[in-house]
Structures are given as C-alpha cells and as structure tokens.
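Below you'll find the structure, written out as structure tokens, and then a few comments.
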Amino acid sequence: MSEFGPINAAPLCGTEPIGHVGTVLDFWRWSSSDFLSNATRGILAEFIVARALGDPSPVRKEWDAYDVTTPEGIRVEVKSAAYIQSWHQEKPSQISFGIAPTMAWDAETNAWGTERKRQPDVHVFALLDCQDQSRVIRSTWVSGGSSCSPARCWIGRSGRRRRSAWLR
C-alpha cells in the first residue's frame, strides 16, 4: 500500500477553466457570495485576520489545528458570529463563541494528537454586530459602506479578553 502525503494548494487567479461549465471565478461567485452564511463568514473573518496579521501562507489551510499563523509563529484561531443570518429568523441570533479544548488533527501525519488542549496561542472573536436586517447588505458590508458598524474583533489569550479593536 502506498502513502499519499498532503497536497499544498497553490493560489488560483480565477480564469482557470472548470471543464466546459465555467471558470474558477464562476465557481467562487456561485459558492462564496453569501457572506452571511456561517461557513463563508467564518472564512472571510479568517482572511481578514490573516491579512491584518501578515500571515505568510499563500492559501488557507482547511484542516490545521488553528486558522492563522503570524510571521512570528503565533498560532491564531478565528471565531466568527453575526446577529443576522441569511436564513429566516424570528429574532437576531444569540452570540456565543466556543473555545473548549480539543484534540488536534495533523494533516502531515493524518493522526490525532494525544492531548486535549486549546490549540492556538490566541483566539480572535470576530462579530458582525449589525442587528438591522435591512442594513446588512452583502456588498456594502464588504466595502464598509453600510450604516452598521464594521465587524468588531476581540483578541483573547488564555480565556481572558485582552484587547478590542475594529476590523476595517
């Protein structure tokens, strides 16, 4: 039996064809345009934090034990939440962030760690704090043109809130 190591993705430009159905950019538009979706918003929050902290990784790593690495090697986990979702709601969502200790999975070895712990050195809690559905428009949220405040970000270490900053 042969062993297959991890595959490191390279950045795409979007013009690459996908068979006869379109391009990578077409796929991105189709799959990633709803920034209120929990999965997409979380990835967007990771992107914003990675860029703000200077993460040298050219492509997001899906299965790491943490989301972002600073140039100094600090491991950062990004958690995202929003009051307004893309689905029908009776009221704004209740905000909570889970940071319970976990068992890390290593993509290099395809093995689980042996110690349950908090994997990152730092957690970043990103909150899209607009609670008015009429103001949460995906295109204005990204450009900052919304009358709602931008996403709020808390940086915490060892479970203690250390600093609050606006993501712009």
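At-a-glance table
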{"item": "Accessible area in square angstrom per residue, segment 1-58, 1.4 angstrom probe", "result": "76"}
{"item": "log10 of Debye I(q)/I(0), alpha-carbon scatterers only, for segment 30-87 at 0.14, 0.17, 0.18 Å⁻¹", "result": "-0.40, -0.57, -0.63"}
{"item": "Formal net charge of residues neighbouring GLY14 (Cβ-Cβ distance under 12 Å; K, R +1; D, E -1)", "result": "-1"}
{"item": "Carbon/sulfur fraction of accessible area - segment 24-148, other protein chains in place, 1.4 Å, %", "result": "53"}
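The values are calculated or read from the model by the stated rules, or taken from the named source; none is laboratory data. Small disclaimer: the values here were computed from a predicted structure and weren't measured. A quick note on method: Cβ atoms are made from the backbone with ideal geometry, for glycine too, and the neighbour counts reach across all protein chains shown. The protein model used for the area step is the full one, side chains on, heavy atoms only, and it has no ligands, DNA or RNA in it. Shrake-Rupley method; radii C 1.70, N 1.55, O 1.52, S 1.80 Å.
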